[in-house]
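**Student:** Can you keep this structure in mind? I'll have questions shortly.
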Amino acid sequence: MEESTPIAPRLDADEQSDPPISPIEQLEDSEKKLVQMLELASLITEELSRTHADQQKLEQLTLKYLTLLKEVKETMLQQIPHLQGGAEFKADAYGVRKDLELSSKVVDMVRAQVDQMSLQSL
């Protein structure tokens, strides 16, 4: 006798989606991503310090770093107005812009080092 496989009930689109994440949970998630970014930066620096750095590994690590940076940036830009009670806060955005500028410079430096290493390996 054949066993019948139970058929899972079909969920509506609303039932399939995860419940909305609260602003504090989004910020906690961003904090975890920032820790991951620090770990990635350490791995990138370690790889760059090697005599024969693995280009593919560097590219993967850098891509992951940039992806996390983009995600954190988007969350921060979305959550900053909520943290200020919805009020405009152009004066306080200076710090966020400065952090983004600094992160962009770090990424540019890593790219320059990767380019330099690839030229040396030729």
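The values are calculated or read from the model by the stated rules, or taken from the named source; none is laboratory data. As the structure is a computational prediction, the values presented were derived from the model and not from experiment. FYI the Cβ positions are ideal-geometry reconstructions off the backbone, even for glycines, and counts take in every protein chain you see. What goes into the accessible areas is simple: the full protein's heavy atoms, side chains included, and nothing from ligands, DNA or RNA. Shrake-Rupley method; radii C 1.70, N 1.55, O 1.52, S 1.80 Å.
**Student:** Please work out which one of (1) open to solvent by 70 Å² or more (accessible area, probe 1.4 Å); (2) without any contact (Cβ under 8 Å) to a residue 12 or more places away in the chain is the condition Thr67 fails and give its number.
**Tutor:** Every condition holds for Thr67 apart from (1).
**Student:** What is the number of the single condition among (1) at pLDDT 85 or above; (2) of a type in the set (A, V, I, L, M, F, W, C); (3) not in a loop (DSSP other than H, G, I, E, B) that Ile24 does not meet?
**Tutor:** Unmet for Ile24, out of (1) at pLDDT 85 or above; (2) of a type in the set (A, V, I, L, M, F, W, C); (3) not in a loop (DSSP other than H, G, I, E, B): (1).
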